[in-house]
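These notes concern the structure reproduced below.
The values are calculated or read from the model by the stated rules, or taken from the named source; none is laboratory data. All values derive from a computational prediction rather than experimental measurement. Note that each Cβ is placed from the backbone with ideal geometry, even for glycine, and that neighbours are counted across all protein chains shown.
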Amino acid sequence: MRVLKISALLLACSLGALALAPAHAESDEKKGLEARIERMCTRLGKSDKFTEMQAKRAERIGEALKLTDAQKAAFKDLQDTRAKARADQKAAICDSKPDVSTFPKKLAFREAQMQRRLDAFKATTPKLVAFYNSLDDGQKTKFEELMRHRMKKGDKKDEGSKGGESDEKDDN
């Protein structure tokens with residue numbers, strides 16, 4: 001009797017999964033590149049939330065490192081440069097609403113995105129190096145520890161995703 005109940009339950013679950021498969025496939029289509037671009041460009045208030053989260057994170061780093069006034073100024077310059085680079089990246093996408101209707105156009109869009117990320121990286125790197133060089137040896141050790149922890153945390157977050165593109169993960 002117990003085997004019969006388990007078999008019936010498995011059959012019901014299998015039929016349920018088959019019934020949901022078309023709905024799942026439809027939702028996957030809505031998760032395409034165009035939908036991600038649209039979500040990113042129409043997020044109301046989430047950009048402010050992200051900026052607030054970044055400010056809190058910067059504050060925690062500053063407190064953990066016990067920054068001097070000069071170091072705080074260098075760190076603020078770095079944060080401001082990163083924020084501008086992020087805003088420029090978003091504006092470049094949202095202002096022009098790229099056409100990604102064909103595979104070659106998607107590739108061109110992704111190439112442009114990679115170039116914008118590289119440009120942002122190049123803009124922030126000198127500021128990061130200047131900030132890092134302003135730290136004493138103990139602060140550098142603590143900073144590297146914080147960044148290692150952050151990278152491990154990011155790796156775990158990426159493992160949870162299914163290999164898709166992120167909406168706004170870039171921290172440059």
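Here are the numbers for this structure:
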quantity: Any hit, the stretch 112-127, residues being among the acidic types (D, E) and either outside the structural domain of F75 (by TED's automatic domain parsing) or not in a helix (DSSP H, G or I) (or both); calculated: no
quantity: Selected residue (criterion: surrounded by the fewest Cβ atoms within 10 Å (Cβ to Cβ)) from residues of the stretch 34-70 that are outside any helix (DSSP H, G or I) and modelled with pLDDT of 75 or more; calculated: K66
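Yes/no per residue for (1) surrounded by 13 or more Cβ atoms within 10 Å (Cβ to Cβ); (2) closer than 21 Å to R39 by Cβ; (3) out of contact with any helix residue (DSSP H, G or I) (no Cβ under 8 Å at 6 or more places or on another chain); (4) of a type in the set (A, V, I, L, M, F, W, C):
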{"position": "D88", "(1), (2), (3), (4)": "yes, yes, no, no"}
{"position": "D99", "(1), (2), (3), (4)": "no, yes, no, no"}
{"position": "K106", "(1), (2), (3), (4)": "yes, yes, no, no"}
{"position": "E111", "(1), (2), (3), (4)": "no, no, yes, no"}
{"position": "R117", "(1), (2), (3), (4)": "yes, yes, no, no"}
{"position": "F121", "(1), (2), (3), (4)": "yes, no, yes, yes"}
{"position": "L128", "(1), (2), (3), (4)": "yes, no, no, yes"}
{"position": "Y132", "(1), (2), (3), (4)": "yes, no, no, no"}
